[in-house]
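Asks: What follows is a single structure, and I will ask about it in a moment.
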């Protein structure tokens, strides 16, 4: 009987040592995870005011004279895109935050930033829980330093500099005097985060939601404002000369472009094939205007030269135009895209053996994001 009891005990011990599931490289084990954020007592922190500015020296380079002023539910700051391929623009996010229990020393401040409502699908189809327009979260750092008199004066100077051009949005019930008083007392602090926005980000009104979290995980009421990424259409080309070469009177001569961006080949027998690309923050139509190159007009005011242009290879997008007339090509460039530009000339009357010279101006106009996409 004694031996039987020992054998049973050994079986129980072995069972306790075995894993509940066999795990190997081909049979991984998955377990659930969970966590709870502790919420303490007391009042939540308060984001008393907020604003955005750039590093241009004007605070908002899209409105340098600070002439645009709108209510707090619209954009208070206007920023221009850099208009350079692949360039980025730094945006600084500021907030003044206080917390009754912690003497202004809150744990975290951050902003959630959202793309404009009519942004193209690439920018309006985020699967983040914060919504389809969510762009990114901006973490802030406390600018109070050691809360010395100089630190407090520097914080107040930032606030005043933004208040004078009407950049600041206040939480309901608070004023500039309230904010300055608390900064002087050290019961509020200035917080700042900064992050870049790409040249190709869609133009429009960006929603900015600021939150603060105190030392016991209480979260503030959100304070919302908007900044405007000013709509600017812009294109650039990779050529400095269009050489139509030798032509016959009355016969159209086309100089074809390509879709490969390159620098003009100065040593080559002909200019670099024309490519045009979008460097703005809107969809963009290409505009073209050319001089008459010295061919002039006949006695009935008819031009002795005419031009054609198209972007791409489809003749449905081809436009004919006379000298000194600005035309807009019907198809458009989407954000950060490029295409080939074909240019044609028909000389109706000219002197054999002569060379004629002129200029061509390439520009851009806005195509709304609400248009049907091609």
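Each value in this text was obtained by applying a stated rule to the coordinates, not by laboratory testing. This one's a predicted model, so the numbers in the text were calculated from it and none came from an experiment. So basically every Cβ, Gly included, is an ideal-geometry build from the backbone, and we count neighbours across all protein chains shown.
Asks: As an exercise, use a Förster radius of 45 Å and the Cβ-Cβ distance of residue 130 and residue 361 to find the FRET efficiency, rounded to the nearest 0.05. Write out the running numbers ahead of the final one.
Replies: Working: r = 44 Å, r/R0 = 0.98.
Rounded to the nearest 0.05, the efficiency is 0.55.
Asks: At 7 Å along Cα-to-Cβ for each site, give me the label-to-label distance between residue 83 and residue 55 in nm.
Replies: Between residue 83 and residue 55, the simple spin-label model gives 2.1 nm.
Asks: Mind checking the full-extension length gain between residue 150 and residue 64? Use 0.36 nm per residue of separation minus the Cα-Cα distance, one decimal, nm.
Replies: Gain in length upon complete extension: 28.1 nm.
Asks: Cβ neighbours within 10 Å, averaged per peptide: list 334-342, 79-87 in order, most packed at the top.
Replies: Working: 334-342: 19.8, 79-87: 17.1.
Sorting 334-342, 79-87 by mean packing, highest first, produces 334-342, 79-87.
Asks: From zero outward in steps of 10 Å, how is the percent of C-alpha pairs of the range 46-229 spread across the bins?
Replies: Spelled out bin by bin, the range 46-229 gives 10, 38, 36, 15, 2 percent.
Asks: Which order, highest average first, do 126-136, 217-227 follow once you tally other Cβ atoms within 10 Å for each residue and take the mean per peptide?
Replies: The peptides rank, most packed first, as 217-227, 126-136.
Asks: Pairs of Cα atoms under 8 Å, at least six residues apart: use those to get the relative contact order of the range 46-229, whole percent. Walk me through the numbers before you get to the answer.
Replies: Details: 401 pairs, mean separation 68.3, N = 184.
Normalised by residue count, the contact order of the range 46-229 is 37 percent.
Asks: With a 10 Å radius around each residue's Cβ, average the other Cβ atoms per peptide and rank 90-99, 315-324, highest first.
Replies: On the way: 90-99: 23.4, 315-324: 13.6.
Order by mean packing, descending: 90-99, 315-324.
Asks: What is the spin-label model distance, in nm, from residue 354 to residue 320 if the labels are put 7 Å beyond Cα along the C-beta direction?
Replies: 2.3
Asks: Starting from the Cα-Cα distance between residue 137 and residue 215, subtract it from 0.36 nm times their residue separation and give me the gain in nm to one decimal. Walk me through the intermediate numbers first.
Replies: Details: separation 78, 0.36 × 78 = 28.08 nm, distance 2.02 nm.
Here the answer is 26.1 nm.
Asks: At residue 248 and residue 291, where each label point lies 7 Å from the Cα along Cα→Cβ, what is the point-to-point distance in nanometres?
Replies: Placing both labels 7 Å along Cα→Cβ, they lie 3.0 nm apart.
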